[in-house]
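Read the structure below first, then the notes.
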Ligand SMILES: Nc1ncnc2c1ncn2[C@@H]1O[C@H](COP(=O)(O)OP(=O)(O)OP(=O)(O)O)[C@@H](O)[C@H]1O
Ligand SMILES: [Mg+2]
């Protein structure tokens with residue numbers, strides 16, 4: 001198992017956002033996480049990536065090593081990259097700088113080299129910029145390398161967020177609603193890009209997604225959260241027929257048209 | 001579909017390559033040219049006072065560039081920068097008078113001391129942001145000034161006199177003209193270092209801190225390490241500037257040169273010039289030093305005026321002169337690119353959420 005989570009809990013005051021969740025994800029898998037609004041999906045990502053500290057008693061192992069209480073940057077350095085639901089791209093920096101920050105953990109020259117602008121720093125900068133240009137080409141943003149990221153369209157920013165995460169050359173990629181707000185055509189473009197990246201770099205991916213089509217078409221297995229608890233897990237087809245899942249969704253105000261359509265068909 | 005996008009963009013990929021560090025000229029070359037051009041300046045200035053003002057500009061450039069690193073690039077709101085300069089000035093003074101170190105030993109040592117102090121000033125930034133951080137650094141800064149004012153062996157409120165001039169190739173730099181040949185190259189060197197830091201991985205990490213510390217951390221940036229780095233780097237600049245102030249004729253420093261008033265003046269340079277724009281900071285340092293000098297007879301109104309300019313700049317020109325320049329150069333370029341590409345851009349490019 002690449003990721004092995006046991007007994008993960010997170011309380012915010014009186015609210016239990018994530019409750020005793022166990023989750024195992026195989027190397028090379030594409031896992032979907034679904035659940036109604038506020039069911040703890042993003043919190044789960046924040047816990048895995050070290051943005052939040054889990055409550056005592058939890059254990060998170062990644063690649064065979066315990067990462068439960070590591071800081072966010074340490075977890076990132078070990079190969080966990082993520083996107084944020086609200087993107088959080090560095091809008092005042094250029095597109096390629098966003099990627100270069102993603103690649104930060106792989107850039108090797110010392111402070112002294114940086115300060116005096118040594119040949120070594122130069123050569124390394126040239127090398128990593130070239131690498132990032134290749135990645136930009138792959139996600140279709142090469143033209144915009146030097147554009148301030150904040151000036152791009154919403155769709156492009158979503159791609160950039162994905163690119164920044166990929167720039168870290170992660171083993172595990174956490175995508176928090178990567179297709180939210182995209183038009184159906186662009187959802188396809190984004191999914192194709194994710195799958196192409198996965199195949200090219202041998203990634204393991206966990207996707208939080210409300211668009212059920214995405215989950216059904218790309219994920220090998222799906223885990224369902226409700227009120228912070230994992231209420232079901234299985235293949236997309238199994239999940240589709242799970243009574244608990246349907247109730248979880250029915251019990252809530254539904255997020256979008258698609259959920260309703262999905263439930264009618266179920 | 002992705003394949004199409006990839007194919008499309010790979011053909012165009014060359015166009016977006018990095019703008020900096022292409023070609024074969026070492027980036028220090030322009031600075032050497034600038035240095036050569038600035039060499040004759042003292043001979044164009046007729047009186048010693050003007051020369052003094054030019055030296056002060058050089059020192060203020062160093063201060064402003066340093067403050068820009070921590071405030072403009074790393075986004076840490078500090079008002080402790082002048083106190084760091086005071087630490088630099090007094091360390092350099094003490095090391096050269098009490099220990100007899102020559103300037104060339106005293107200045108680096110003073111920078112080291114200031115760098116350490118900078119790390120301490122930076123610690124509150126782990127937990128505090130914005131106005132709270134400003135208050136914390138203000139407290140530290142005032143403490144430094146009050147301690148100096150109350151310490152007899154630092155001259156207390158009488159000031160510290162008798163600081164020896166630097167010697168360069170056996171010549172004492174004891175008048176304003178000769179001192180220029182120390183202050184000007186150091187200002188240029190400081191600028192060169194600032195530019196290379198900011199185009200490096202360190203500079204990017206600092207900007208990422210300013211933009212979004214959480215996203216930076218999730219990208220593998222050690223936020224605390226880079227916060228301290230920013231404070232230490234800027235403190236090194238402050239230390240260098242302070243040391244230059246101390247050793248310039250008449251070799252006298254006073255705690256009143258490091259009050260909140262001086263800090264506001266320095267802030268004005270950076271804000272007016274453009275937070276996060278090195279050149280803006282330089283323009284700001286020149287402009288504000290000159291204004292500061294021209295209005296020296298109206299001391300009591302000056303702070304009101306400076307305060308008003310800061311507020312107006314923040315309200316109506318939030319990225320200062322540098323921001324205006326950026327707008328003209330950078331934004332135009334991309335608007336043009338976007339127009340040109342509008343027809344052929346990939347599907348996603350045309351999308352909007
Ligand atoms: N930092 C926080 N402080 C307090 N409460 C929080 C915090 N972060 C999340 N919560 C709460 O935890 C619960 C789970 O939130 P979370 O963002 O994980 O839901 P989600 O499943 O991602 O929802 P959505 O589909 O809307 O993105 C919510 O009730 C939310 O209000
Ligand atoms: Mg969420």
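Details
- One residue alone among A:150, A:202 is under 25 Å from residue A:233 (Cβ atoms) and either crowded, with 22+ Cβ neighbours inside 10 Å or more than 16 Å from ligand 1 (Cβ to nearest atom) (or both), and that residue is A:202.
- Residue list for segment A:133-147, restricted to those being more than 7 Å from every other protein chain (Cβ to nearest Cβ) and either surrounded by fewer than 24 Cβ atoms within 10 Å (Cβ to Cβ) or modelled with pLDDT under 90 (or both): A:134, A:135, A:139
- For residue A:160, the conditions (1) more than 9 Å from chain B (Cβ to nearest Cβ); (2) farther than 27 Å from residue B:328 by Cα all hold with the exception of (2).
- Test for residue A:182: is it facing chain B (nearest Cβ under 9 Å), out of contact with any strand residue (DSSP E or B) (no Cβ under 9 Å at 6 or more places or on another chain), on the phi < 0 side of the Ramachandran plot and in a loop (DSSP other than H, G, I, E, B): yes
- Set A:190, A:195: member being away from ligand 1 (no atom under 16 Å from the Cβ), more than 28 Å from residue A:20 (Cβ to Cβ) and buried (at least 23 other Cβ atoms within 10 Å of the Cβ): A:190
- Being closer than 30 Å to residue A:128 by Cβ and modelled with pLDDT under 95 is a property that residue B:196 has.
- Test: residue in segment A:105-120 that is touching a helix residue (DSSP H, G or I) at 6+ places or on another chain (Cβ under 6 Å) and in contact (Cβ under 8 Å) with a residue 24 or more places away in the chain: yes
- Filter result for residue A:200 (within 14 Å of another protein chain (Cβ to nearest Cβ) and within 16 Å of ligand 2 (Cβ to nearest atom)): no
- Selected residue [within 19 Å of residue A:91 (Cα to Cα) and in contact (Cβ under 8 Å) with a residue 40 or more places away in the chain] from A:178, A:170: A:178
- Of all positions in segment B:292-314, none carries a residue that is under 18 Å from the mean Cα position of the chain (by Cα) and at pLDDT 90 or above.
For every residue, the table says whether it meets (1) at pLDDT 90 or above; (2) surrounded by fewer than 24 Cβ atoms within 10 Å (Cβ to Cβ); (3) not in a loop (DSSP other than H, G, I, E, B).
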{"site": "B:14", "(1), (2), (3)": "no, yes, yes"}
{"site": "B:19", "(1), (2), (3)": "no, yes, no"}
{"site": "B:23", "(1), (2), (3)": "no, yes, no"}
{"site": "B:33", "(1), (2), (3)": "yes, yes, yes"}
{"site": "B:36", "(1), (2), (3)": "yes, yes, yes"}
{"site": "B:51", "(1), (2), (3)": "yes, yes, yes"}
{"site": "B:66", "(1), (2), (3)": "yes, no, yes"}
{"site": "B:72", "(1), (2), (3)": "no, no, yes"}
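- Scan segment A:32-84 for residues that are away from ligand 2 (no atom under 16 Å from the Cβ) and within 22 Å of residue A:161 (Cβ to Cβ) and the total you get is 13.
- Subset of segment B:178-218 (residues that are outside any helix (DSSP H, G or I) and touching a residue at least 12 places away in the same chain (Cβ under 8 Å)): B:199
- Residue in segment A:158-172 that is at pLDDT below 90 and in a loop (DSSP other than H, G, I, E, B) present: no
The values are calculated or read from the model by the stated rules, or taken from the named source; none is laboratory data. These numbers were taken from a predicted model, which means no experiment stands behind them. So basically every Cβ, Gly included, is an ideal-geometry build from the backbone, and we count neighbours across all protein chains shown.
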